[in-house]
Amino acid sequence: MGKPDTRRIDRAIRETNRKLEAVRRGELWPLTGSERRAMLAALAGGTYRIARGKSTTRADNRVDSVSSSAETRLIAEITALQIERQRLVTEAAQAKAAKKSRWW
């Protein structure tokens, strides 16, 4: 048995890391539909308040909250993918060790 096939999981980890970096840069494309909707609603509310000459503190807090929740979601996804990758590697190593331990 050769190396474990982790290409699919490695690709998913790379994609998720790319999404995480995009969220940290303030881009909207990696957000889910509900996150994107909440972000745009907060931005629209802040724009309305700016036009009225009022404070945008609440809208700013909402934007920060949505982006931090997206970061948390993506970090959890990366962690789950890394755990799954490690499980595959461990299973492959155990199978290889079991195969070598046979003496006949």
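If the requirement is being on the phi < 0 side of the Ramachandran plot and at pLDDT below 95, which of these qualifies: T16, T56?
T56
Out of curiosity, is T32 of a type in the set (S, T, N, Q) and under 16 Å from A76 (Cβ atoms)?
Spelling it out, T32 is indeed of a type in the set (S, T, N, Q) and under 16 Å from A76 (Cβ atoms).
Here is a check on your reading of the model: is A22 at pLDDT below 95 and open to solvent by less than 60 Å² (accessible area, probe 1.4 Å)?
So A22 fails the test.
Let me confirm something: among N17, N61, which residue is polar (S, T, N, Q) and under 27 Å from A93 (Cβ atoms)?
N17
Looking at region 37-88 only, could you name the residues that are part of a loop (DSSP other than H, G, I, E, B) and open to solvent by 60 Å² or more (accessible area, probe 1.4 Å)?
Residues of region 37-88 part of a loop (DSSP other than H, G, I, E, B): 52-56.
Within region 37-88, R52, G53, K54, S55 qualify.
The values are calculated or read from the model by the stated rules, or taken from the named source; none is laboratory data. No experiment lies behind these values; they were computed from the predicted model shown. Quick reminder, even Gly has a Cβ in these numbers, built from the backbone with ideal geometry, and neighbours come from all protein chains shown. For the accessible areas, the whole protein counts, side chains as well, though only heavy atoms, and no ligand, DNA or RNA atoms are used. Shrake-Rupley method; radii C 1.70, N 1.55, O 1.52, S 1.80 Å.
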